[in-house]
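Trainee: Okay, handing you the structure first.
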Amino acid sequence: MSLELKNIKKSYREPDGNILPILDIEHFQVGQAEQIALVGSSGGGKTTLLNVISGITTPDSGQVIIDGNEITRLPEAGRDRFRAERIGFVFQTFNLLTAFTALENVLLGMSFSRGKVDKQLAIDLLEKMGLGKRLSHRPSQLSVGEQQRVAIARSLANRPSLLLADEPTASVDPANQDTILKLIRDMCQEFGVSLLLVTHAMEIAEKFDRVARLKDFNAVLQTTA
Amino acid sequence: MSLISIAFKSIRQRALASTLTAFSVALGTSLMIAVLIANTIVTRAFDLQEFGYDLVIGPKGSELELVLNTVYRMAPPIENLPWRYYEEVKADKNIAVAIPVALGDSTEIGGFPILGTVVEYFFNEYAHGKKFQIDGEWPSHKWDAVIGSHVARVNGWKVGDPFHMVHAGQADHVHKEEFTIVGILKPTGTPNDRTVFVNLNGFFAIDGHEKPIDEAIAREAEFFGETPEQVRQFHARELAQYQKEVKEYGHAHTLPMLQKEVTSILVKMKFDPKNPTLSQSRAIGFSARLKEGFKAQAVNPIRPMQRLMDKLVGNIRILLMYLTGLIILVSGVGIFVSIYNSMADRKKEIAIMRALGADRMTVFSIILAESVALCVIGGLSGIVMGHGLIMLAGPVITARSGLLIDPFIFDPQELIIIPAMIILASLVGFIPGLTAYRTDVAENLSS
């Protein structure tokens, strides 16, 4: 089992003092190398869920277990290290560092884990993404599709067991959406990485064998095979 | 990627702001270097801990002026001493060495001070245990001259070159007599390096250097508290010889003692190895005796220079150090403002690094490393700039003040600049680092 969520509850206090429930997930799991699309409406807690899974945010209660490690029991620094070593992240807006080249952005993905920075792996990943000749280009010198491919390479640079993708095709032009999606899925398959891909687009979700829905108001996760 | 290389990336991203910040640190540091080195130069030049003589005897007046004139050759002579007085000093039973010194003129080229003296000057130690060394010969003949190493370097003079001298304070009065360089002194690190030494007999023989007979008699009478007649009687034999030569040849072949004057006398008291402090007691006694009579004074040159160092130079040094400290502090504030202002734009960048697994201490360290890098780059540039400034300004300062400046001079206090910079950088980088530390990852990732 790659990811397991148990009784996750998360809520925010609104400025008027009301408590706004965001997540109320009884049980959810992602198997080893499994690929799941998570759909939900905007503001429905999808990003919060990814933050809770990655340890960026802590839930009010419940357990997040990844590869048998209950990360909700870890202190913040422990969660950071776990994220650096086991979790890959692909963001909707790519979130590449503008001062860094494509290669350096990928190397950055390895820099915060205990393992050594493997430059050759970073180059290999970028070559697999078709960016072999773009290694020293900065994000501003790359197309939107290329930037997202760099971000995908970065997310895999630390050889994660779980990849969290937050609307990875939302900022990409329609012509490139399928390419990006295919790249993510193929790479996850090749490296044996579990994938949880968040999207609000049903046409993307429908391409997955397993789709989870995050119902917006009561925040309950349902899974349909 | 190491934290340092990540920090450098960030510095490079804000190249203009980073350059200006580092430059402000460099300016502050270069000023500090200049002050430190100026302090070293002044201390080395004026902190007269070792001098080859016990006393400097000169006309009564300012002790400091006498020392600045005789030892440093930076001030005009106060007045002159009769040669007869020099002879008396030389004959004193407590005095081992008495060297006459005649100053006031300068070289036509370069304006270096001319010092007329006897060849024995070079055989005495110029500082404790340090003797003159020369390439060439000592100035034993009338028109011989020896030059200091700095004079040789600046004027490009070598042994065999002739030169003319300019009469004291009169740039358009070039003496027609010509001296020839017979030797070049090895560097001593003292004012001797920028002095031109001429044989005293040649100095006296220069047209206009001899005092007119009547004026000399009046001056000597005033000096010794005698009547002009008593002075005439004292010099009766040489005056008769002088008048005879003038009558026969139209001019005198030898300059009478009466017409010779020196500006000061360098004195070494007799030393008794069984009683090492005796020479000091003798010097004090001699100095005290002069205070009662005559119109001369004997000064231990170390004392007025120590007073100068303590009261004037020391205070100026402290003031300058405070000023440069303030400048460094202002530079530090500049770094703080530069990094702190950039934090608002960098929260997303920090959030991305946190999302990639960087913990709070790591992002804090990156900001701190950035601050340290800016300070160290600025500090090192400042050290180079400061020394460059000294190299450029050195010849000008030497020409204007007479202070010798070694372009490669190094003050050991410079060693604390970089560690001090690192401490300063850590202090000014702390608050921006804390901002990075506290950055909300979820909020800034979605912004």
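Trainee: Which whole-number percentage describes the relative contact order of region B:267-421, with Cα contacts under 8 Å and a sequence gap of 6 or more? Can you show the working numbers first?
Mentor: On the way: 48 pairs, mean separation 18.5, N = 155.
Reported as a whole number, the value is 12 percent.
Trainee: Further question on the same structure: Just counting partner chain Cβ atoms within 10 Å, what average do the residues of peptide A:98-105 show around their Cβ? Numbers along the way, then the final one.
Mentor: Details: counts 4, 10, 7, 1, 0, 0, 4, 3.
Other-chain Cβ atoms within 10 Å of each residue's Cβ, averaged: 4.
Trainee: Now a separate question. Report, in degrees rounded to the nearest 10, the 0 to 90 angle that the Cα long axis of helix B:236-249 makes with the longest principal axis of chain B.
Mentor: 90
Trainee: Separate question: Rounded, prolate or oblate: pick one for region B:1-76, where a ≥ b ≥ c are the square roots of the eigenvalues of its C-alpha gyration tensor, a/c under 1.5 means rounded, and failing that, prolate if a/b is larger than b/c, else oblate.
Mentor: Values: a/c = 8.72, a/b = 3.93, b/c = 2.22.
The shape class here is prolate.
Trainee: Give me the log10 of I(q) over I(0) for region A:65-123 at q = 0.27 Å⁻¹, as the Debye formula computes it from C-alpha points; what are the numbers?
Mentor: Result of the Debye calculation: -1.14.
Trainee: Within 10 Å, count the other beta carbons around each residue, average over each peptide in B:52-60, A:139-147, B:390-398, and list them highest first.
Mentor: Working: B:52-60: 22.8, A:139-147: 16.4, B:390-398: 14.8.
Descending packing order for the listed peptides: B:52-60, A:139-147, B:390-398.
Trainee: Rounded, prolate or oblate: which fits region B:149-304, taking a ≥ b ≥ c as square roots of the Cα gyration tensor eigenvalues, rounded meaning a/c under 1.5, else prolate when a/b beats b/c? Show your work: numbers first, answer last.
Mentor: Working: a/c = 2.17, a/b = 1.01, b/c = 2.14.
Oblate shape, in that a/c is at least 1.5 and b/c is the bigger or equal ratio.
Trainee: To continue, here is another question. So how strong a dipole does the protein assembly as shown carry about its Cα centre when Lys and Arg Cβ are +1 and Asp and Glu Cβ are -1, to the nearest 20 debye?
Mentor: On the way: 68 positive and 72 negative charges, 277 e Å.
For the protein assembly as shown, the charge dipole is close to 1320 debye.
Trainee: Taking the Cβ of A:SER143 as the center, what net charge do the other residues with Cβ under 10 Å away carry, scoring Lys and Arg +1 and Asp and Glu -1?
Mentor: On the way: positive: A:ARG134, A:ARG149; negative: A:GLU146, A:ASP173.
With Lys, Arg at +1 and Asp, Glu at -1, the net is 0.
Trainee: For region B:62-138, how big is the tail of P(r) above 19 Å, as a whole percent of Cα pairs?
Mentor: On the way: 1450 of 2926 pairs.
In whole percent, the share of Cα-Cα pairs in region B:62-138 beyond 19 Å is 50.
Trainee: Evaluate peptide A:111-123: per residue, the Cβ atoms of other protein chains within 10 Å of its Cβ; return the mean as an integer.
Mentor: Details: counts 10, 12, 2, 0, 0, 0, 2, 0, 1, 0, 0, 0, 0.
Taking all residues of A:111-123 together, the mean is 2.
Trainee: Also, quick follow-up: Cβ neighbours within 10 Å, averaged per peptide: list A:52-60, B:231-239, B:349-357 in order, most packed at the top. Working shown, then result.
Mentor: Details: A:52-60: 21.4, B:231-239: 16.0, B:349-357: 24.8.
Highest to lowest by the protection proxy: B:349-357, A:52-60, B:231-239.
Trainee: Compute and list, largest first, the equivalent-ellipsoid semi-axes of chain B from the alpha carbon gyration tensor, each √(5λ) rounded to a whole angstrom.
Mentor: Semi-axes, largest first: 65, 22, 17 Å.
Trainee: Another question, if that's okay. When the helix-only estimate is applied to chain B (DSSP H runs of n ≥ 4, each -39,500 (n - 2.57), divided by the residue count), what is the mean residue ellipticity at 222 nm, nearest 500 deg cm²/dmol?
Mentor: Per the formula, -17500 deg cm²/dmol.
Trainee: Mind putting a number on the dipole of region B:369-447 about its Cα centre? Charges go on the C-beta only, +1 for Lys and Arg and -1 for Asp and Glu, and I need it in Debye to the nearest 20.
Mentor: Working: 2 positive and 6 negative charges, 41 e Å.
Rounded to the nearest 20 debye, it is 200 debye.
Trainee: Against the 2.2 N^0.38 Å scaling, with N counting residues, where does region B:112-167 land? I'd like the Cα-based Rg ratio to two decimal places.
Mentor: On the way: Rg = 11.9 Å, N = 56, 2.2 N^0.38 = 10.2 Å.
So the Cα radius of gyration is 1.18 times the expected 2.2 N^0.38 Å.
Trainee: Mind putting together the pair-distance distribution for chain A? All Cα pairs, 5 Å bins, whole percent per bin, short to long.
Mentor: 1, 7, 15, 19, 20, 16, 12, 7, 3, 1, 0
Trainee: Before anything else, pin down the relative contact order of chain A: Cα pairs under 8 Å, at least 6 apart, normalised by residue count, whole percent.
Mentor: Working: 469 pairs, mean separation 66.3, N = 225.
Over chain A, the number comes to 29 percent.
Trainee: How are the C-alpha pair distances of region B:348-447 spread across 5 Å bins, as whole percents from the shortest bin up?
Mentor: Answer for region B:348-447: a P(r) of 3, 12, 16, 13, 11, 10, 8, 7, 6, 5, 4, 3, 2, 0 percent.
Trainee: Follow-up. How would region B:259-399 be classified by its alpha-carbon gyration tensor: rounded, prolate or oblate, with rounded meaning a/c under 1.5 and the a/b versus b/c comparison settling the rest?
Mentor: Working: a/c = 4.51, a/b = 3.49, b/c = 1.29.
Judged from the Cα gyration tensor, region B:259-399 comes out prolate (a/c at least 1.5, a/b above b/c).
Trainee: Still on this structure, please answer the following. Percent of Cα-Cα pairs more than 17 Å apart in region A:3-89, please.
Mentor: Numbers: 1823 of 3741 pairs.
Of all Cα-Cα distances in region A:3-89, 49 percent exceed 17 Å.
Trainee: Then there is this: Along its principal axes, what span do the Cα atoms of region B:1-135 show, with the longest given first and each in whole Å?
Mentor: 82, 31, 30
Trainee: Right, next: Which whole-number percent is the relative contact order of chain B (Cα, under 8 Å, 6+ apart)?
Mentor: Averaging sequence separation for qualifying contacts and normalising by length gives 27 percent for chain B.
Trainee: So, one more: Could you check what % of the DSSP bridge pairs in the protein assembly as shown are antiparallel, to the nearest 5?
Mentor: Working: 53 of 80 bridges.
If I count the DSSP bridges inside the protein assembly as shown, around 65 percent turn out antiparallel.
Trainee: Semi-axes of the protein assembly as shown's equivalent ellipsoid from the Cα gyration tensor, sqrt of 5 times each eigenvalue, largest first, rounded to whole Å? Walk me through the intermediate numbers first.
Mentor: Values: eigenvalues 1689, 112, 63 Å².
For the protein assembly as shown, the ellipsoid semi-axes come out as 92, 24, 18 Å.
Trainee: Report the Stokes-Einstein translational diffusion coefficient (µm² s⁻¹, integer) for region A:101-195, Rh taken as the Kirkwood radius over Cα pairs, at 25 °C with viscosity 0.890 mPa s.
Mentor: So the translational diffusion coefficient is about 185 µm²/s.
Trainee: Give the span of region B:76-194's Cα atoms along each principal axis, as three whole-Å numbers ordered largest to smallest.
Mentor: 43, 33, 24
Trainee: Let me ask something else about it. Which order do peptides B:126-136, B:64-74 fall in by mean Cβ count within 10 Å, highest first? Kindly include the intermediate steps, with their values, before the conclusion.
Mentor: Working: B:126-136: 13.7, B:64-74: 21.6.
Listed from highest to lowest mean packing, they are B:64-74, B:126-136.
Trainee: Per 5 Å bin from zero, what fraction in whole % of the C-alpha pairs of region B:4-44 is there, up to the bin with the longest pair?
Mentor: For region B:4-44, the pair-distance distribution reads 6, 21, 16, 15, 11, 10, 8, 7, 5, 0.
Trainee: Provide the convex hull volume over Cα atoms per residue for region B:174-242, in Å³. Write out the running numbers ahead of the final one.
Mentor: Working: hull volume 10.7 nm³, N = 69.
Dividing the Cα hull volume of region B:174-242 by its residue count gives 155 Å³.
Trainee: Over all residues in B:356-368, what is the mean tally of Cβ atoms on other chains that come within 10 Å of each residue's Cβ?
Mentor: 5
Trainee: Can you work out D for region A:35-148 in µm² s⁻¹ from Stokes-Einstein, where Rh is the Kirkwood radius over C-alpha pairs, the temperature is 10 °C and the viscosity is 1.306 mPa s?
Mentor: 99
Trainee: Between 0 and 90 degrees, rounded to the nearest ten: what's the tilt of helix B:417-437 against the longest Cα principal axis of chain B?
Mentor: Its long axis makes an angle of about 20 degrees.
Any read-out appearing in this document is the output of simple, stated calculations on the displayed coordinates, not a laboratory observation. All of these numbers come straight from a predicted model, not from anything done at the bench. Neighbour counts run over all protein chains shown; Cβ positions are idealised from the backbone, glycine included.
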